1. Report the label-to-label distance for ALA196 and SER121 in nanometres (one decimal), using points 7 Å from each Cα along the Cα→Cβ vector.
2. So if R0 is 30 Å, what FRET efficiency would ASP113 and VAL17 give, r being the distance between their Cβ atoms, rounded to the nearest 0.05?
3. Provide the three semi-axes, in whole Å and in decreasing order, of the ellipsoid equivalent to the range 113-237 as defined by the square roots of 5 times the Cα gyration tensor eigenvalues.
4. Within straight cross-link reach of LYS234, meaning Cα distance under 27 Å, which lysines are found once same-chain residues fewer than 8 apart are removed?
5. Which of rounded, prolate, oblate describes the range 55-187, given a ≥ b ≥ c as roots of the alpha-carbon gyration tensor eigenvalues and a/c under 1.5 marking rounded, otherwise prolate only if a/b is larger than b/c?
6. Taking DSSP loops as anything outside H, G, I, E and B, show the longest stretch in the chain free of chymotrypsin sites (Phe, Trp or Tyr not before Pro) there with at most 16 other beta carbons within 10 Å.
7. Take the Cα of ARG188, step 7 Å along the line toward its Cβ, and report every residue of the range 90-122 whose backbone nitrogen sits under 20 Å from that point.
8. Please list the non-local residues whose amide H lies under 5 Å from the amide H of SER134, H modeled 1.01 Å from N, same-chain partners needing a gap of 5 or more.
Amino acid sequence: MAETIEALERRIDELRVAVREAVLAGDPALASARRAELRRAEQAWEDALAASGPQALAPLPEPAGSLLPLREQVYEALSLLQVPAAPKLIATVHEAFFGSTFPTTKVTSLKRDEERSFRTSPFARPYYICAALSADYLSPSRGLLAVSTWQMERRVIGSLSPRVDFLTAAIRVADAIERIPTPPLTARRLLQRFAASIPGASGEIRDQVNPSVVRQAADAELSVHSEADSRMRKEAADRARRQLADAEQLFGTRLQPVTDETGADAG
């Protein structure tokens, strides 16, 4: 008996979760099998919808790739990187490792929607796409997104954090590539872009980057910066936990203007 549209939608949701879990667990064979099941379920859903009535016969808009909601695509990419990232990098990572991308212009409204949802019903969702916070003002760090379930120390950004997070992301991408028997070209190109900005990571052969070489080079530079960055992040995280309410810990405070001793705006 053919499944109903509602049953197919439930199965698609379950398979999306299964794909994500398999990818994050580093099991490419299982991830491939789950993706194939997901594609079949999505095609069955399309067929069932087309057969459900004349109103469904109009051509459907061509999807950009994944049928996952935007917040889940962002979550998948951030879960791979494990550091705050800008929308462009998030979209590139999702294309490289999950086979689809999305318009980065939609991410700004996503963060607003996430904040609105949290303030309306705090902690009702398993996670929220939230802001990274600047270590000085604890305000949203412009353009950087994080995941609410991460420790505060990972979500605050000090003066050394952009470089530390870049190197950490390079290591995570290298690790992910090594777990894939045949890495897609988009993933290899992404690693090449990371390697180009890390001394000693590019190797001797042009356009051929070894993930283990990238990891070693990134680790070497991380050893220079990580201790000082960790201290700065811990101090800012402790201050955030003392001073901020739950919503502000996720989405930041309003930036306060710097004033001189007379009370006039500085600069």
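1. 4.5 nm
2. Using R0 = 30 Å, I get an efficiency of 0.90.
3. After scaling each eigenvalue by five and taking roots: 31, 19, 11 Å.
4. Within the straight-line limit of under 27 Å, LYS234 reaches these lysines: LYS111.
5. oblate
6. 138-267
7. Counting only backbone N, you get 92-100.
8. Amide H neighbours of SER134, under 5 Å, 5+ apart: SER139, SER141, ILE157.
Every number in this text was worked out from the coordinates using simple rules, so none of it is lab data. Owing to the predicted nature of the structure, the values given are computational and were not obtained by experimental measurement. So basically every Cβ, Gly included, is an ideal-geometry build from the backbone, and we count neighbours across all protein chains shown.
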